[in-house]
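A short write-up of the structure that comes next.
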Amino acid sequence: MKQNSEGLEYNNSTVKMVIGRFRKHKLAVASLYFLCFMTVLAILAPIISPYDPNKVSTSFSAPPSLAHWLGTDQIGRDMFSRLLYATRISLFVGFATTVISTVIGVVLGLIAGYFGGIVDIIIMRITDTIMSFPYILLVLVAAAIFGPGLWNIILILGFVDWPGAARLVRGNVLSLRETNFVKGNIVAGMPNRYILFSEILPNTIGPILVYATSVFAITILDEAALGFLGMGVQPPTASLGNILNGAESITILTSKFWLWVPAGVIIILLVLSINFVGDALRDAIDPSAKE
Amino acid sequence: MIKYIIKRTMIAIPVLIGITILDYAIMSLAGSPLEMMIGPKTTEAALEAKAIQLGLDKPFYVQYFVWLMNVLRGNLGYSIKSYQPVSQIIGSHLGPTLLLMGTSMLVGLAIAIPIGIYSAVHRYTKRDYTLVTISFFGTSIPSFFLSLIFIYLFTVKLGWLPSSGIKTAGGDEGVADLIWHLIMPVLILAISIAGSNIRYVRSAVLEILQKDYVRTAKSKGIGRFLTINKHALRNALIPIVTVIGMQIPMLFGGAVIIEQIFSWPGLGLITMNAITGRDYPVIMGVALLTAVVVLLANLITDIVYALVDPTIKY
């Protein structure tokens, strides 16, 4: 960021430098490969899963075997297939929520930071208001009112998650507005829309990307927590959270590991690798701000 | 200084009003209290009479205003399920939650601050990278999954720790018993608090360590211990305090899940019960209370920040 704070957008050489610095983080590179692998598995779930995830069979709660790699659940559904579909749903929820909340946050942050005055005050006070509520409480209440379900969960998480992005973008816009190239644009009489989206936005894309990775990680955790509490994606659709919901029963917890441990491990690995990627990305984009 | 405090308070007021509006709007969205009273024998006329009695025939803003006046007088309404006043329900469950959250925060910081400093002092070494990587685990493990593992290990397998409630039923009610029940939930919350704070502490201390006055202190030859503890740590505490203030809503969110799993009789547990039972007055009472607490905490943080850091402009 530093070397082009006066310059134009991220051009090719900047992107190359960012990639180069990112590659130095071995753990992050490995995490990125892992995430790609999981994404491919999730996308191809309908093709590679050995069974229909919702098909009931007669082998109830069978331990892992050659026929069922990760065993079956209480009503005889193949756990491996269910986990594939659950990963697909959880990644989808994470991705869609991140897109929705980032878009809302970026637009509001750009407007607040660029126009200032009363618009800024109103937007920032709304942001503060939403941030004051315990996040999970708002989500739980909204899920209770609108009913839990895939799209409701995505929309609820998306509409609650944006304040952080709005604050971040606003802060960046405030400092970018003082730079000469933006001032030059204003003096030249360029339209606001052009300055906002073609000049300011590209220069703040790095921090936004880093922030989006953290939203992605948090959303996967939240979806899991909601599912665990029975307020998330509803069965029979499998999600990583609602699979873990079964572990509230003591017999499953103590004697049927295959029904809860794999889902938990997948959540941890996904969130951990997203966090590692985000951290390395922060470092690669802004090496001056070494943590 | 006084001008600054007044300015911060003025900013907090619209947020406070926003909180009450949002709270009231959600409660209205949830449905009218009449719908929840309808029984097989309720007549139209009785409903209408009830509506007038409750003031539901008046416009939205009048109803909001009446509700707000009641809230200001400490009347948060009545639970739909138990008919108890909401303020009474909250009052009787506040203690356990404060105990749980407070202890977790202390334990979490007691882990995070020394590790964060150690990491910063030994920056860019293997030990530093290892600690930072471990801290990522703390933030990436869902608290409920960690709870399941802990319950399996310490309750089911080893039988060391109780997995539910605040005291042994029928047993002694001493402090030892309470601590016994506190260990697991506190440990789980503390791990996630420590996970996110290690990196904040580390980066705060790192920044201070690069300041000129720390270099001066070091060159005076007062030794590493004094340099770090007297000069660096005190100044690093300022940003750390701010971050902690911002984490209170998150901490409460974590408490909701942990209280549910460990049957801890606090605000989180009654909130979760209220959510499943659709007892909106209770839910929104808790939401209102926590939002106001968060707002006050942020206000106090801002003021403390200004008191501690003389470079802040009022």
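The values are calculated or read from the model by the stated rules, or taken from the named source; none is laboratory data. All of these numbers come straight from a predicted model, not from anything done at the bench. Every residue, glycine among them, receives a Cβ derived from its backbone with ideal geometry; neighbour counts consider all protein chains shown. Surface accessibility is based on the protein's heavy atoms, side chains included, excluding ligands, DNA and RNA. Shrake-Rupley method; radii C 1.70, N 1.55, O 1.52, S 1.80 Å.
Here are the numbers:
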item: Point-charge dipole on Cβ atoms (K/R +1, D/E -1) for the protein assembly as shown, about Cα centre, debye to 20; result: 1860
item: Leading residue at positive end of dipole, the protein assembly as shown (Cβ point charges), from B:ILE21, A:MET38, A:ILE130; result: A:MET38
item: Within 10 Å of each Cβ in B:11-17, the average number of Cβ atoms from other chains; result: 4
item: Among B:LEU299, B:LEU269, B:LEU72: highest mean-square fluctuation, GNM of chain B, C-alpha pairs under 10 Å; result: B:LEU72
item: Chain pair B, A: total accessible area buried, heavy atoms, 1.4 Å probe, Å²; result: 4000
item: Positive minus negative residues near A:ASN192 (Lys, Arg vs Asp, Glu; Cβ under 12 Å); result: +1
item: Carbon/sulfur fraction of accessible area - the protein assembly as shown, other protein chains in place, 1.4 Å, %; result: 69
item: Average Cα contact separation per residue, chain A, under 8 Å, 6 or more apart, as relative contact order %; result: 26
item: Size of electric dipole in the stretch A:14-285: Cβ of Lys, Arg +1 and of Asp, Glu -1, about Cα centre, debye, nearest 20; result: 640
item: Gain on full stretching of the segment that runs from B:VAL243 to B:LEU98 - 0.36 nm per residue minus C-alpha separation; result: 50.3 nm
item: Under 15 Å, Cβ to Cβ, from A:ASN152 - net charge with Lys/Arg +1 and Asp/Glu -1; result: -3
item: Residue-averaged [θ]222 nm for the protein assembly as shown, counting only DSSP H segments that reach four residues, each worth -39500 (n - 2.57); result: -23500 deg cm²/dmol
item: Added length on full extension, which subtracts the Cα-Cα distance from 0.36 nm per residue, A:LEU41 to A:LYS26; result: 3.1 nm
item: Size of charge dipole - the stretch A:75-171 - debye, nearest 20, with Cβ of Lys, Arg +1 and Asp, Glu -1, no other charges; result: 160
item: Selection from B:LEU299, B:TYR213, B:ILE257, by position along the positive dipole direction of chain B (Cβ); result: B:TYR213
item: Sparsely packed chymotrypsin sites (Phe, Trp or Tyr not before Pro) within the stretch B:85-178, loop by DSSP, other Cβ within 10 Å at most 15; result: B:TYR124, B:TRP160
item: Solvent-accessible area per residue, Å², over the stretch A:14-285 with all protein chains present [probe radius 1.4 Å]; result: 42
item: Cβ-derived FRET efficiency at R0 51 Å, B:ARG278 paired with A:MET190, nearest 0.05; result: 0.45
item: Principal axis dimensions, the protein assembly as shown - Cα atoms, whole angstrom, descending; result: 76, 67, 57
item: Low-density loop cleavage sites - chymotrypsin sites (Phe, Trp or Tyr not before Pro) in the stretch B:190-277, where at most 14 other Cβ are within 10 Å (DSSP); result: none
item: B:ASP177 accessible area, 1.4 Å probe, all protein chains in place, Å² to nearest 10; result: 10
item: Positive minus negative residues near B:LEU161 (Lys, Arg vs Asp, Glu; Cβ under 14 Å); result: +1
item: Among A:PRO53, A:HIS68, A:LEU209 - extreme Cα towards positive end, dipole of the stretch A:14-285, charges at beta-carbon; result: A:LEU209
item: Globularity ratio of chain A, using Cα Rg and 2.2 N^0.38 Å; result: 1.17
item: With Cα atoms, 0 to 90° folded angle of helix B:126-140 axis to chain B main axis; result: 0
item: Nearest 10 degrees, 0 to 90: helix B:86-121 Cα axis against chain B principal axis; result: 20
item: Interface residues in the stretch A:245-290 - accessible area drops by 40 Å² or more relative to the isolated chain, probe 1.4 Å; result: A:LEU253, A:THR254, A:TRP260, A:ILE268, A:LEU272, A:ASN275, A:PHE276, A:LYS290
item: Stretchable slack from B:TYR213 to B:ALA110, in nm (0.36 nm times residue separation minus alpha-carbon distance); result: 34.4 nm
item: Mean Kyte hydropathy of 0.0 or more with a Cα span along the axis of at least 15 Å, helices from DSSP in chain A; result: A:26-43, A:79-115, A:117-132, A:135-146, A:150-161, A:163-176, A:201-228, A:261-285
